[in-house]
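Let me begin by presenting the structure, written as structure tokens, before commenting on it.
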Amino acid sequence: MHDKTLEAVRKQINVPVEGQTDIVTLGVPYLGPYNINSPMNPILVVCMGLGYLFNFYRNKPVLRKGEC
């Protein structure tokens, strides 16, 4: 059952992307494990966006490496 559950979750949240891009837009959830019953502060936004969500990729990142 666990394997079937994981497969169902992957189908719901997986977004196939081909190639890399210059700009990536991430939706950061309002709630997280570190701000229960309180607003999210800017440090948590950066932690969730860059620390977790940006690194959810397989093989190579979606964002192309280059100059800022």
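The values are calculated or read from the model by the stated rules, or taken from the named source; none is laboratory data. Predicted model only: the values in this text are computed from it and were never measured. Every residue, glycine among them, receives a Cβ derived from its backbone with ideal geometry; neighbour counts consider all protein chains shown. Side chains are part of the model used for accessible areas, which takes the heavy atoms of the whole protein and leaves out ligands, DNA and RNA. Shrake-Rupley method; radii C 1.70, N 1.55, O 1.52, S 1.80 Å.
What the table below lists for this structure:
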item: Enumeration of residues in the range 43-60 that are under 12 Å from the mean Cα position of the chain (by Cα) and either over 21 Å from residue 16 (Cα atoms) or among the aliphatic types (A, V, I, L, M) (or both); result: 45, 46, 47, 48, 50, 53
item: Yes/no for residue 35 being among the polar types (S, T, N, Q) and modelled with pLDDT under 80; result: yes
item: Some residue of the range 27-35 being touching a helix residue (DSSP H, G or I) at 6+ places or on another chain (Cβ under 9 Å) and of a type in the set (Phe, Trp, Tyr); result: yes
item: Which listed residue is of a type in the set (Phe, Trp, Tyr), open to solvent by less than 100 Å² (accessible area, probe 1.4 Å) and in a loop (DSSP other than H, G, I, E, B), from 57, 52, 30; result: 57
item: Residue ID - farthest from residue 66 (Cα to Cα), chosen from residues in the range 4-26 that are open to solvent by less than 100 Å² (accessible area, probe 1.4 Å) and either part of a helix (DSSP H, G or I) or without any contact (Cβ under 8 Å) to a residue 24 or more places away in the chain (or both); result: 5
item: Residues of the range 33-49 that turn out to be open to solvent by less than 90 Å² (accessible area, probe 1.4 Å) and of a type in the set (Val, Ile, Thr), as a count; result: 2
item: Checking residue 68 against (1) at pLDDT below 80; (2) touching a Phe, Trp or Tyr at 6+ places or on another chain (Cβ under 9 Å); (3) not aliphatic (A, V, I, L, M), the condition it does not meet; result: (2)
